[in-house]
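First the structure, in the form of structure tokens, and then the observations on it.
The numbers here are math on the coordinates, done by the rules we state, and not lab data. Just so it is clear, the model here is predicted, and its values are computed rather than measured. Cβ atoms come from the backbone with ideal geometry, glycine included; neighbour counts cover every protein chain shown.
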Amino acid sequence: MEQAWKEDALVLGIESSCDETAASVVRGGREVLSNVIYSQIDLHTLYGGVVPEIASRKHIEKINQVIRKALDEAGISLRELDGIAVTYGPGLVGALLVGVAEAKSIAFATGIPLVGVHHIEGHISANYIEHPDLEPPFMCLVASGGHSHLVMVRDYGEYEIIARTRDDAAGEAFDKVARAIGLGYPGGPKIDKAAREGDPNAIDFPRGKVEGSPYDFSFSGLKSAVLNYLNGCRMKGEDFSRPDVAASFQRAVVDVLTEHSLSAAKDLGVKTLAIAGGVASNSALRASMQTACEEAGIRFVYPSPVYCTDNGAMIGVAGYYDFRNGYRAGYDLNAVPGLRIGEKQGVSR
């Protein structure tokens, strides 16, 4: 019979949903003992974006090394672990399968309990790492390459989606605009850097609204407006300022993310607002949200950049609370590329 879950339990978190192979050992749901990340960015930059088949093959090549290093840096052996948490969705199906197969193999060989973690719930849980006093309820803006959500965290493992994007995610728009102005991949960090040299008021790009859904996001119109501006300049034989385009585009995205997040937080009486996901490392977004929250009397929390991008620590933290809530997965756990927030396919109490 399985023993009661320990407050200082050690959880191995495994993440392989896209182009980072990552593993981490987390103690007590808050303390990160190791956080090892192998990034494939340099490899995929050659192709201007993530190539799923290449990502999957590289995960297979690196995952054992990454997990071994995470255990070594934490100073523990496999047998000392209390649980194994792995991302099983959403994400690239081939990439997810590598992590899930690895986690199931370790769990089967050792008898250590297994749980599957939702990737976005992992991003939200990254906020617990550096804010030990953070407790639900709070609201979190999740902004990444594939997601733009406002999520109410009712309790540990209990989530309610307040708003979502109707088309492009914020990070996706960053990547497409960066490619269009010749900055390349990955777009987020390169737009952020270029924007520091530009004028955010140089070009009046639109702020997307969704009629009847004031908190939802829409970035496809903004992306099209940038492309139309660039095409107009080229047709007229006019030069354009790359930093000005980057800064003006970034300002439009940040304005929408901030305005909608604060509007929802005020309307719903939220006392704490968090951000998570790759776009959460954007310097302009952090500054804008900080200022807006201070003015509204709302506490603002965010993870360090290393915990904004994909990592094993966030999966270990989310997994810890899933374990504590009684969730376990069997050896039939499978990758679910379209997994929705709050779903527990293959994971039960």
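Report, in degrees rounded to the nearest 10, the 0 to 90 angle that the Cα long axis of helix 93-110 makes with the longest principal axis of the chain.
20 degrees
For Ala163, list long-range residues whose amide hydrogen, built 1.01 Å from N in the peptide plane, is under 5 Å from its own amide hydrogen.
Leu150
Once the dipole of the range 68-203 is set up with Lys and Arg at +1 and Asp and Glu at -1 on Cβ about the Cα centre, which of Pro137, Gly116, Gly157 lies farthest towards its positive end?
Value: Gly116.
Say each of Glu135 and Glu73 gets a label point 7 Å from the Cα, pointing the same way as Cα to Cβ; how far apart are those two points in nm?
Result for the modelled spin labels: 3.1 nm.
Taking the chain as a Gaussian network, where each spring joins two C-alpha atoms under 10 Å apart, which residue of Ala264, Ala318, Ala170 fluctuates the most?
Comparing Ala264, Ala318, Ala170 in the GNM, the peak value goes to Ala264.
Evaluate E = 1/(1 + (r/R0)^6) for Glu80 and Glu53, where r is the Cβ-Cβ distance and R0 equals 35 Å; express this FRET efficiency to the nearest 0.05.
0.45
Read phi for every residue in the range 277-293 and hand back ³J(HN,Hα) as whole Hz from Karplus 6.51 cos²θ - 1.76 cosθ + 1.60, θ = phi - 60°, with x for Gly and Pro.
Computed from phi, the couplings for the range 277-293 are x, x, 5, 5, 8, 5, 5, 5, 5, 4, 5, 5, 5, 4, 5, 5, 5 Hz.
Express as a percent, rounded to the nearest 5, the fraction of DSSP beta bridges in the chain (both residues included) that run antiparallel.
60 percent
Please give, to one decimal in nm, the separation of the simple spin-label points placed at Gln345 and Arg299, each 7 Å out from Cα toward the Cβ.
3.6 nm
Among the chymotrypsin sites (Phe, Trp or Tyr not before Pro) in the range 1-85, which ones are in a DSSP loop with at most 16 other Cβ atoms within 10 Å of the Cβ? Mind listing them?
Trp5, Tyr47
Taking only Cα atoms, what is the 0 to 90° angle, nearest 10, from helix 170-180's long axis to the longest principal axis of the chain?
For helix 170-180, the angle is close to 50 degrees.
Give the Rg (one decimal place) followed by the Dmax (whole number) of the range 136-302, computed from C-alpha coordinates and expressed in Å.
In order Rg, Dmax, the Cα atoms of the range 136-302 give 16.0, 56 Å.
Before anything else, pin down the relative contact order of the chain: Cα pairs under 8 Å, at least 6 apart, normalised by residue count, whole percent.
Working: 795 pairs, mean separation 85.8, N = 349.
That works out to 25 percent.
Estimate the FRET efficiency between Glu31 and Lys209 by the formula 1/(1 + (r/R0)^6), using the beta-carbon distance for r and 35 Å for R0, to the nearest 0.05.
0.25
If you take the alpha carbon radius of gyration of the range 18-143 and divide it by 2.2 N^0.38 Å, what ratio comes out, to two decimals? Kindly include the intermediate steps, with their values, before the conclusion.
Details: Rg = 15.2 Å, N = 126, 2.2 N^0.38 = 13.8 Å.
Normalised by 2.2 N^0.38 Å, the Cα Rg of the range 18-143 equals 1.10.
Could you list the residues of the range 26-65 with an amide nitrogen less than 11 Å from a label point located 7 Å from the Cα of Lys6 in the Cα-to-C-beta direction?
What the label zone holds, given the 11 Å backbone N cut-off, is 28.
So for Cys233, Cys18, Cys140, fewest C-beta neighbours within 10 Å to most, what's the order?
The fewest-first ordering by Cβ neighbours comes to Cys233, Cys18, Cys140.
What full-extension length gain, to one decimal in nm, is calculated for Asp155 and Leu43 as 0.36 nm per residue of separation minus the Cα-Cα distance?
So the chain would gain 36.4 nm between Asp155 and Leu43.
Could you work out [θ]222 nm for the chain from helices alone, using -39500 (n - 2.57) per DSSP H run of at least four and dividing by all its residues? Round to the nearest 500 deg cm²/dmol. Walk me through the numbers on the way to the answer.
Values: 12 runs with 151 residues, N = 349.
Theoretical 222 nm ellipticity from helices: -13500 deg cm²/dmol.
Loop only per DSSP, at most 11 neighbouring Cβ atoms within 10 Å: give me the chymotrypsin sites (Phe, Trp or Tyr not before Pro) in the range 260-349, ordered by residue number.
Tyr331
If packing is taken as the average number of other Cβ atoms within 10 Å across a peptide's residues, how do 266-276, 199-209 rank, most packed first?
Per-residue mean Cβ counts within 10 Å order the peptides as 266-276, 199-209.
With r as the distance between the Cβ atoms of Ala109 and Ser283 and R0 = 35 Å, compute the FRET efficiency 1/(1 + (r/R0)^6) and round to 0.05.
On the way: r = 44 Å, r/R0 = 1.25.
The calculated FRET efficiency here is 0.20.
How far is helix 242-267 tilted off the main Cα axis of the chain, in degrees rounded to 10, range 0 to 90?
The answer is roughly 60 degrees.
So how far apart, in nm, are the two label points at Asn201 and Arg234 if each is 7 Å from Cα heading toward Cβ?
So the label points at Asn201 and Arg234 sit 3.1 nm apart.
Enumerate by residue number the GluC sites (Glu not before Pro) in the range 161-212 meeting two conditions: DSSP loop (anything except H, G, I, E, B), and at most 14 other Cβ atoms within 10 Å of the site's Cβ.
Loop-located and lightly packed - Glu197, Glu211.
Explain nothing, just the number: dipole magnitude of the chain about its Cα centre with +1 on each Lys and Arg Cβ and -1 on each Asp and Glu Cβ, in debye rounded to the nearest 20.
Using Cβ point charges on Lys, Arg, Asp and Glu, the chain gives about 400 debye.
Hey, if you drop one equal point scatterer on each alpha-carbon of the range 102-199 and run the Debye formula without solvent, what base-10 log of I(q)/I(0) do you get at q = 0.17, 0.19 Å⁻¹?
-0.92, -0.98
Give, as a single signed number, the net charge of other residues whose beta carbon lies under 13 Å from the beta carbon of Ile84, with Lys and Arg counted +1 and Asp and Glu -1.
Cβ neighbours under 13 Å give a net charge of -2.
Where does each of Met235, Met289, Met314 land when they are ranked from fewest to most other beta-carbon atoms within 10 angstrom?
Met235, Met289, Met314
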